[in-house]
Amino acid sequence: MKKTTGALVGLCATGPLLLALPILGIGAGTASASCSTDGAQGVDTSAVAKQVKAILDGGDKGSVSVPGLDAPADQVPNAKTIQATGVAMNIPARGQIVALATALQESGLRNLTYGDRDSLGLFQQRPSMGWGTASQILDPVHASTKFYEGLKKVSGWQSLSVTQAAQAVQKSGFPEAYAKWEPLATALQKAIEPLLQKAGGASPSPSPSGSADTSPSPDSAGGCSADGDGTDFGTIPAGALPKEYKIPASAPPKVQTAIRWALGQLGTPYQWGGTCTGSHGKSPMGRCDCSSLMQGAYKAAGVTLTRTTYTQVKDGKAVSVDALKPGDLLFTEGTAAVPEHVGMAIGQGLIVHAPHTGDVVRITTVASWKSRILAARRVV
């Protein structure tokens, strides 16, 4: 964790990080006077929403001024990553707010390469205290994941105040310092939430996640695998499997199992943040999103995958898009380092994926994705 520096005006000094602890007794008067919770300011949530939208939509970044967001081009994308990681880990909005308030206090929502002693990153986590290597901590997804893992270990954190929950994870020398960031953290969470849902593909645009991609793209035909690119199948109805398709007998048994399990979810509704543990059931959160579909399929085959697209892109080994095999994970949207969508190659030039809110688990073609594939990983 980091002490106050000139680069972080208004941030209070904090002590060394520890891994998640049981609920701590938070006593009054333990913080210095400069870290009084009276510093919390009212936040114009409309202005925050405009600032967030301006940054994430690539609009006029200088059009809106929000106190606490003095470097929004850096801060807002980091806030989005923190929140998206929380969603993928099934952390409720309250937990996302705790994480955002913590990062606002510790780093000003900047991915710092310096800090008190060996503290680094958004949450000023320390390699010497078990949060990961320096390079891992400087990965916003890793840092966010470790914070949420710590939060989940705090018994009853949902009933704690934001500052108590943050302190139980961070073990700050100034435990009341987080409180003043709750209004801004709350405004950020509310502003980012609908934009994350939109990023998941709320409409069938040119995104490879959209329903329009069930038709092959003539511009990207040419194939990525030895058994074609899927153009022979034509338009594939939502939730349907072409009757000419067969699970490749040459694929490893675990891959065949993973494909079979994923195909068993065809036609089930997409659920942003869903666990894919009961896609045919009544509970929406038991349904699949893109990364939980991959995780569930490989879990059925006895293979462990991480939960999010941000981490699955590091699972297994990288493979060429021109040498795909059944079972390979294909990533689109976002960037190669931080992709936002994933599907599984199932052979014969086809992909199974969970596209977006309002759609169902469906089959699409490699041809329709080829020009937009950012990375491919082989996990078996």
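Among the residues of the stretch 85-106 satisfying the criterion of being β-branched (Val, Ile, Thr) and modelled with pLDDT of 95 or more, which is surrounded by the fewest Cβ atoms within 10 Å (Cβ to Cβ)? So that I can check it myself, show each step before the final result.
The first filter runs over the stretch 85-106 and keeps only residues β-branched (Val, Ile, Thr), leaving 85, 87, 91, 97-98, 102.
Cutting the leftovers down to modelled with pLDDT of 95 or more gives us 97-98, 102.
Working: Ile97: 26, Val98: 31, Thr102: 30.
Once the filter is applied, the top-ranked residue is Ile97.
So how many residues does the stretch 87-109 have that are within 17 Å of Val338 (Cβ to Cβ) and outside any helix (DSSP H, G or I)?
Residues meeting the conditions: 2.
Considering only the stretch 248-260, state which residues are open to solvent by 30 Å² or more (accessible area, probe 1.4 Å), over 29 Å from the mean Cα position of the chain (by Cα) and not polar (S, T, N, Q). Outline the logic, then answer.
Of the stretch 248-260, the ones open to solvent by 30 Å² or more (accessible area, probe 1.4 Å) are 249-250, 252-254, 256-257, 260.
Next, only the ones that are over 29 Å from the mean Cα position of the chain (by Cα) stay: 249-250, 252-253.
Listed by number, the residues that qualify are Ala249, Pro252, Pro253.
Using the structure shown, decide if Leu109 is buried (at least 24 other Cβ atoms within 10 Å of the Cβ) and within 21 Å of Tyr310 (Cα to Cα).
Working: buried (at least 24 other Cβ atoms within 10 Å of the Cβ): yes; within 21 Å of Tyr310 (Cα to Cα): yes.
Spelling it out, Leu109 is indeed buried (at least 24 other Cβ atoms within 10 Å of the Cβ) and within 21 Å of Tyr310 (Cα to Cα).
Under 6 Å between Cβ atoms, which residue pairs at least 6 apart in sequence (or on different chains) link something in the stretch 77-92 that is among the aliphatic types (A, V, I, L, M) with a partner that is modelled with pLDDT under 85?
Ala84/Leu196
Being touching a Ser or Thr at 6+ places or on another chain (Cβ under 8 Å) and over 24 Å from Thr306 (Cα atoms) is the requirement here; does Arg126 meet it?
Details: touching a Ser or Thr at 6+ places or on another chain (Cβ under 8 Å): yes; over 24 Å from Thr306 (Cα atoms): no.
No, not satisfied.
Of the residues Tyr270, Tyr245, which is more than 17 Å from His356 (Cα to Cα), aromatic (Phe, Trp, Tyr) and either modelled with pLDDT of 90 or more or open to solvent by 30 Å² or more (accessible area, probe 1.4 Å) (or both)?
Values: Tyr270 fails: more than 17 Å from His356 (Cα to Cα).
Result: Tyr245 is the single residue among Tyr270, Tyr245 that is more than 17 Å from His356 (Cα to Cα), aromatic (Phe, Trp, Tyr) and either modelled with pLDDT of 90 or more or open to solvent by 30 Å² or more (accessible area, probe 1.4 Å) (or both).
Collect the residues in the stretch 274-298 that are among the small types (Gly, Ala, Ser), closer than 18 Å to Gln256 by Cβ and open to solvent by less than 10 Å² (accessible area, probe 1.4 Å), keeping them in residue-number order. Working first, answer last.
Let us first name the residues in the stretch 274-298 that are among the small types (Gly, Ala, Ser), namely 274, 278-279, 281, 283, 286, 291-292, 296-297.
Now drop any that are not closer than 18 Å to Gln256 by Cβ, which leaves 296-297.
The answer is Ala297, and nothing else.
Working carefully through the options Trp369, Trp261, find the one that is touching a Leu at 6+ places or on another chain (Cβ under 8 Å) and not in a strand (DSSP E or B).
Working: Trp261 fails: touching a Leu at 6+ places or on another chain (Cβ under 8 Å).
None of the other options fit; the residue is Trp369.
Here is a list of conditions, (1) at pLDDT below 95; (2) surrounded by fewer than 16 Cβ atoms within 10 Å (Cβ to Cβ), and Arg307 meets all of them except one; can you say which number that is?
Among (1) at pLDDT below 95; (2) surrounded by fewer than 16 Cβ atoms within 10 Å (Cβ to Cβ), the lone unmet condition for Arg307 is (2).
When you look at Val141, is it among the β-branched types (Val, Ile, Thr) and farther than 23 Å from Ala337 by Cα, yes or no?
On the way: among the β-branched types (Val, Ile, Thr): yes; farther than 23 Å from Ala337 by Cα: no.
Against the criterion (among the β-branched types (Val, Ile, Thr) and farther than 23 Å from Ala337 by Cα), Val141 does not qualify.
I'd like to verify a number: residues in the stretch 143-163 that are in a helix (DSSP H, G or I) and touching a helix residue (DSSP H, G or I) at 6+ places or on another chain (Cβ under 7 Å), how many?
Counting residues in the stretch 143-163 that are in a helix (DSSP H, G or I) and touching a helix residue (DSSP H, G or I) at 6+ places or on another chain (Cβ under 7 Å) gives 11.
Any chance you could count how many residues in the stretch 316-364 are assigned to a loop (DSSP other than H, G, I, E, B), in contact with a Leu (Cβ under 9 Å, 6 or more places away or on another chain) and of a type in the set (Val, Ile, Thr)?
2
So Trp131 ticks every box in (1) on the phi > 0 side of the Ramachandran plot; (2) touching a strand residue (DSSP E or B) at 6+ places or on another chain (Cβ under 6 Å) but one. Which box is left unticked?
Among (1) on the phi > 0 side of the Ramachandran plot; (2) touching a strand residue (DSSP E or B) at 6+ places or on another chain (Cβ under 6 Å), Trp131 violates only (1).
Suppose the filter is closer than 21 Å to Ile363 by Cα and surrounded by 15 or more Cβ atoms within 10 Å (Cβ to Cβ); does Ala301 pass it? Quick ask: steps written out before the conclusion?
Working: closer than 21 Å to Ile363 by Cα: yes; surrounded by 15 or more Cβ atoms within 10 Å (Cβ to Cβ): yes.
Taking the combined requirement at face value, the residue satisfies it.
Of the conditions (1) at pLDDT 50 or above; (2) surrounded by 21 or more Cβ atoms within 10 Å (Cβ to Cβ); (3) in contact with a Lys or Arg (Cβ under 7 Å, 6 or more places away or on another chain), Thr14 satisfies every one except a single condition; which number is it?
Here Thr14 meets the rest and fails (1).
How many residues does the stretch 112-123 contain that are crowded, with 18+ Cβ neighbours inside 10 Å and either in contact with a His (Cβ under 6 Å, 6 or more places away or on another chain) or free of Cβ contacts under 8 Å to residues at least 24 places away in the same chain (or both)?
Step one: list which residues in the stretch 112-123 are crowded, with 18+ Cβ neighbours inside 10 Å, which gives 112, 115-116, 119-123.
Of the ones still in play, those that are also either in contact with a His (Cβ under 6 Å, 6 or more places away or on another chain) or free of Cβ contacts under 8 Å to residues at least 24 places away in the same chain (or both) are 120-121.
Selection size over the stretch 112-123: 2.
Of the conditions (1) open to solvent by less than 30 Å² (accessible area, probe 1.4 Å); (2) more than 20 Å from Thr235 (Cα to Cα); (3) not aliphatic (A, V, I, L, M), Gln265 satisfies every one except a single condition; which number is it?
Here Gln265 clears every test but (2).
Could you check how many residues of the stretch 164-181 are open to solvent by 20 Å² or more (accessible area, probe 1.4 Å), within 20 Å of Asp116 (Cβ to Cβ) and in a helix (DSSP H, G or I)? Before the answer, list the steps.
Of the residues in the stretch 164-181, the ones open to solvent by 20 Å² or more (accessible area, probe 1.4 Å) are 164, 171, 173-174, 176, 179-181.
Filter again for within 20 Å of Asp116 (Cβ to Cβ), leaving 171, 173-174, 176, 180-181.
Retained after the next criterion (residues that are in a helix (DSSP H, G or I)): 180-181.
Residues that pass the stated criteria total 2.
The values are calculated or read from the model by the stated rules, or taken from the named source; none is laboratory data. Everything numeric here is computed off the predicted structure, so don't read it as measured data. In this analysis, Cβ positions are derived from the backbone assuming ideal geometry, glycine residues included, and neighbour counts consider all displayed protein chains. Accessible surface is based on the protein model in full, side chains and every heavy atom, while ligands, DNA and RNA are left aside. Shrake-Rupley method; radii C 1.70, N 1.55, O 1.52, S 1.80 Å.
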